[in-house]
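One structure below.
Where a number appears in this text, it was derived from the coordinates with a stated rule and is not lab data. These numbers come from a predicted model, not from an experiment. We place every Cβ from the backbone using ideal geometry, glycine too, and count neighbours over all the protein chains shown.
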Amino acid sequence: MKLPVYSRDGSETGRTVELDEAVFGVEPNDHVIWLDVRAIQAHGRQGTHKTKERSEVARSTRKLYRQKGTGNARVGDHKSPTRKGGGTIFGPKPHEYRLDVNRKTKQLARRSALAYKLQNEALRVVEDVTLDAPKTREVADLLKRSGLAGKKVLFLTAAVDDALFRSGRNLPKLTIRPAAEASTLDLMDAQTVLLQEGAVAALTEALRPSRKPTAASEAAEA
């Protein structure tokens, strides 16, 4: 499949870029998208929640009143969870939130997310943008001329571009990532994915499924 390449001013350049069917043309798998997004969000949790239990509350350990003869239910000390200021029963404790997702599942999730963007016409290829120094106005004008001002945009670059990143970090709703590092959550959270022409190859290389060697290929290598 082919997509037109747009220039900085929002017009078509007359060139097209070829997209690998194995990466952009897969049947989206909702379950693996859910698995990967859940793992990403879980890894973002600190897991530092904590409440004091009965043994940790600073209260008197004296028995409030005698056990029998009062006509009331028996009671312990002020640390009792049934008393105001007492400990918490089975309260949360610090622990790590971690969900393991294997590499192939992560790749399939990102391919599925890209397939959804392509089906919804939310994937756009723009010519390579190079800046000598950070210029927020340049990136803002590019988004405005492309009709993407005010939308949540994920801008994928071929490699780490410090000048471009610093140019767009103050723009609301814009996220700039190297194409190979974009996560499933980044792709699904964006309304439009803006892909630099030079980033197509990097994204394809990162997400192309590995092929098992066949008997013919093994014989040829031998």
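Tell me, in nm to one decimal, what length is gained between Gln67 and Arg38 on full extension, where the rule is 0.36 nm per residue of separation less the Cα-Cα distance?
Details: separation 29, 0.36 × 29 = 10.44 nm, distance 5.09 nm.
Result: 5.3 nm gained on full extension.
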(request) Step through the table entries Lys93/Lys173; Lys52/Lys84; Lys50/Lys84; Lys135/Lys173, compare each Cα-Cα distance with 25 Å, and write down the pairs that go over it. (result) Lys93/Lys173
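Among Lys84, Lys93, Lys152, Lys106, which comes first, then next, by fewest other beta-carbon atoms within 10 Å? Don't skip to the answer; put the middle values down first.
Numbers: Lys84 6, Lys93 10, Lys152 13, Lys106 18.
Ascending Cβ contact count within 10 Å gives the list Lys84, Lys93, Lys152, Lys106.
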(request) Provide, in order from the shortest bin, the percent of all Cα-Cα pairs of the stretch 69-168 in each 5 Å bin, continuing until the bin that contains the maximum pair distance. (result) 2, 8, 11, 12, 10, 9, 7, 6, 4, 5, 6, 6, 5, 4, 3, 2, 1, 0
(request) Calculate, in whole percent, how much of the Cα-Cα pair population of the stretch 1-91 lies beyond 18 Å. (result) 73
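Would you calculate a helix-derived [θ] at 222 nm for the chain, using -39,500 (n - 2.57) for each DSSP H run of n ≥ 4 and dividing by the full residue count, to the nearest 500? Display every interim value, and only then the final one.
On the way: 8 runs with 74 residues, N = 222.
The helix-only estimate for the chain comes to -9500 deg cm²/dmol at 222 nm.
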(request) Name the long-range amide H neighbours of Val17: under 5 Å, sequence gap of 5 or more, or other chain; modelled H, no Pro or chain starts. (result) Leu3, Val5
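Viscosity 1.002 mPa s, temperature 20 °C: Stokes-Einstein D of the stretch 45-85 from its Kirkwood Cα radius, in µm² per second? Spell out each step's value before the answer.
On the way: Rh = 12.2 Å.
Reported coefficient: 176 µm²/s.
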(request) Calculate how large, on average over all directions, the projected area of the Cα convex hull of the chain is; give the answer in nm² to one decimal. (result) 22.6
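Once R0 is set to 30 Å, what does the formula 1/(1 + (r/R0)^6) return for the Cβ-Cβ distance between Arg15 and Leu171, expressed as a FRET efficiency to the nearest 0.05?
With R0 = 30 Å, the Cβ-Cβ based efficiency is 0.65.
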(request) Between Leu64, Leu131, Leu185, find the one with the highest GNM mean-square fluctuation for the chain; connect C-alpha pairs within less than 10 Å. (result) Leu64
(message) Check which residues have an amide H placed less than 5 Å from Ile176's amide H, if you skip close sequence neighbours.
(response) Phe155
(request) Give the percent of DSSP beta bridges with both residues in the chain that are antiparallel, rounded to the nearest 5. (result) 20
(message) Over the chain, with a Gaussian network built from C-alpha contacts below 10 Å, which listed residue (Ala190, Ala182, Ala58) shows the highest mean-square fluctuation?
(response) Ala58
(message) Using a Gaussian network model on the chain with a 10 Å cutoff between Cα atoms, which of Asn72, Asn120, Asn29 fluctuates the most?
(response) Asn72
(message) For Lys68, give me every one of the aspartates and glutamates with a C-alpha distance below 20 angstrom, ignoring sequence neighbours fewer than eight places off in its own chain.
(response) Asp77
(request) Report the full-extension gain for the segment Asp162 to Lys2: residue separation times 0.36 nm, less the Cα-Cα distance, to one decimal in nm. (result) 54.7 nm
(request) Could you pull out every residue, at least 5 positions away or on a different chain, whose amide H is within less than 5 Å of the one on Val125? Hs are placed 1.01 Å off N in the peptide plane, and Pro or chain starts have none. (result) Tyr6, Leu195
(request) Determine ³J(HN,Hα), in whole Hz, for all residues of the stretch 88-97 in sequence, where each value follows from phi through the Karplus function 6.51 cos²θ - 1.76 cosθ + 1.60 and θ = phi - 60°; x replaces Gly and Pro. (result) 9, 7, 6, x, x, 10, x, 7, 8, 8
(request) May I ask you to work out the translational diffusion coefficient for the stretch 66-115 at 20 °C, viscosity 1.002 mPa s, via Stokes-Einstein with Rh from the Kirkwood sum over Cα pairs, reported in whole µm²/s? (result) 131
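Using the C-alpha gyration tensor of the stretch 114-184, what are the square roots of 5 times its eigenvalues, in whole angstrom, with the largest one first?
On the way: eigenvalues 76, 44, 23 Å².
Taking √(5λ) for each eigenvalue gives 20, 15, 11 Å, largest first.
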